[in-house]
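Below is one structure, written out as structure tokens; the observations come after it.
The values are calculated or read from the model by the stated rules, or taken from the named source; none is laboratory data. Given the structure is predicted, the values throughout are model-derived calculations rather than measurements. Using ideal geometry, Cβ is built from the backbone for each residue, glycine included, and neighbour counts are taken over all protein chains shown.
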Amino acid sequence: MPQLNQWGQPVGDPLPDWQPRPRPGAVTLEGRYCRVVPFSTGHASALYRAYQQAADPRSWTWLFQQPPASEAEYQTLAGQMATSHDPVFYTIIARDTGQPVGTFSLMRIDQQNGIVEVGHVHFSPALQRTRMATEAHWLLMRYVFDTLGYRRYEWKCDSLNQPSRHAATRLGFHAEGLFRQALVYKGRTRDTSWFSIIDKEWPGRNQAFMAWLSPDNFDGEGRQRQSLQHIAQALARP
């Protein structure tokens, strides 16, 4: 039942101890398979080479930037990313090679209300569909919820970006709906799909991530024994 005020109107639960949350910062997050580190222009050359391993530039389709025509163009973009205060960009480093393999960011940072969005997700072929990719997302979520104490973690994407929508669902985000004609980018319209995880859901999501990332969940060929969604569903059963 909702709380009622003195006039009998329903209102939200009180948060008497709530304080604005700290800004995301230049932290290093250590995982078993990868490290998440502050983005630096020193990562640009390796990232450009990693993205060039793709057969075509389709990974840029739903990003706001056009694919760079040269490493020099990517260096210019990297300079903008490195000096940005919102979004705050991070590089994902593969532990087995020590090489940068992708980037993402924390953006639309709302300290007053404890809300932040993960965005500008750009994973190279070396990172896509790997344990590292899932672990990187988990490390960033854990930083947001456990270290910074945010209440809401958002994921938004072009509604036509089916891989992104699938990733959000797999990672445990709750689908919230569609914002029609929300943006114009690259000369075209965009309807935006919204997803979120909130703080009360995080402990269960965290438990599922840890179980999925455990080495025991993978066979000798590196194939998962149980999917992340299957583990989450099993943990949610009473």
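Scanning the range 192-238 for residues that are farther than 30 Å from Phe64 by Cβ and of a type in the set (A, V, I, L, M) yields Ala208, Met210, Ala211, Leu213, Ile231, Ala232, Ala234, Leu235, Ala236. Give the residue, chosen from Pro87, Pro125, that is buried (at least 16 other Cβ atoms within 10 Å of the Cβ), over 15 Å from the mean Cα position of the chain (by Cα) and touching a residue at least 24 places away in the same chain (Cβ under 8 Å). When all the criteria are applied, what remains is Pro125.
Taken over the range 5-33, the criterion of being surrounded by 10 or more Cβ atoms within 10 Å (Cβ to Cβ) and either modelled with pLDDT under 95 or in contact with a helix residue (DSSP H, G or I) (Cβ under 6 Å, 6 or more places away or on another chain) (or both) is satisfied by Leu29, Gly31, Tyr33. Restricting the range 90-122 to residues that are of a type in the set (D, E, K, R) and over 17 Å from Arg21 (Cβ atoms) leaves a set whose member that is surrounded by the most Cβ atoms within 10 Å (Cβ to Cβ) is Arg95. Cβ separations smaller than 9 Å between residues 6+ apart or across chains give the following pairs from the range 8-31 residues that are among the hydroxyl-bearing types (Ser, Thr, Tyr) to residues that are not in a loop (DSSP other than H, G, I, E, B): Thr28/Arg35; Thr28/Val36; Thr28/Val37; Thr28/Pro38. For Thr41, the stated conditions hold: it is among the polar types (S, T, N, Q) and out of contact with any Leu (no Cβ under 8 Å at 6 or more places or on another chain).
Residue under question is Thr189, and the condition is that it be polar (S, T, N, Q), part of a strand (DSSP E or B) and out of contact with any His (no Cβ under 9 Å at 6 or more places or on another chain); does it hold? For Thr189, the condition - polar (S, T, N, Q), part of a strand (DSSP E or B) and out of contact with any His (no Cβ under 9 Å at 6 or more places or on another chain) - is met.
Among residues of the range 203-219 that are more than 17 Å from Leu140 (Cα to Cα), those with a Cβ under 9 angstrom from a residue that is in a helix (DSSP H, G or I) and among the basic types (Lys, Arg), sequence gap 6+ or separate chain, pair up as Phe218/Arg131. When restricted to residues that are in a strand (DSSP E or B), within 22 Å of Pro38 (Cβ to Cβ) and out of contact with any His (no Cβ under 8 Å at 6 or more places or on another chain), the range 109-158 contains 13. Criterion first (within 23 Å of Glu154 (Cβ to Cβ), touching a helix residue (DSSP H, G or I) at 6+ places or on another chain (Cβ under 8 Å), at pLDDT 95 or above and not in a loop (DSSP other than H, G, I, E, B)) does Val36 satisfy it? So Val36 fits the description; yes.
Taken over the range 142-154, the residue count meeting the criterion of being buried (at least 21 other Cβ atoms within 10 Å of the Cβ) and in contact with a helix residue (DSSP H, G or I) (Cβ under 7 Å, 6 or more places away or on another chain) is 3. Within the range 65-77, not a single residue is among the β-branched types (Val, Ile, Thr), touching a His at 6+ places or on another chain (Cβ under 7 Å) and under 27 Å from Thr28 (Cβ atoms). Looking at Asp191, Asp158, just one residue is buried (at least 20 other Cβ atoms within 10 Å of the Cβ), over 27 Å from Gln233 (Cβ atoms) and at pLDDT 95 or above, and that residue is Asp158. For residues that are in a loop (DSSP other than H, G, I, E, B) and within 17 Å of the chain's Cα centre (by Cα), scanning just the range 39-67, find the one that is surrounded by the most Cβ atoms within 10 Å (Cβ to Cβ). Result: Phe39.
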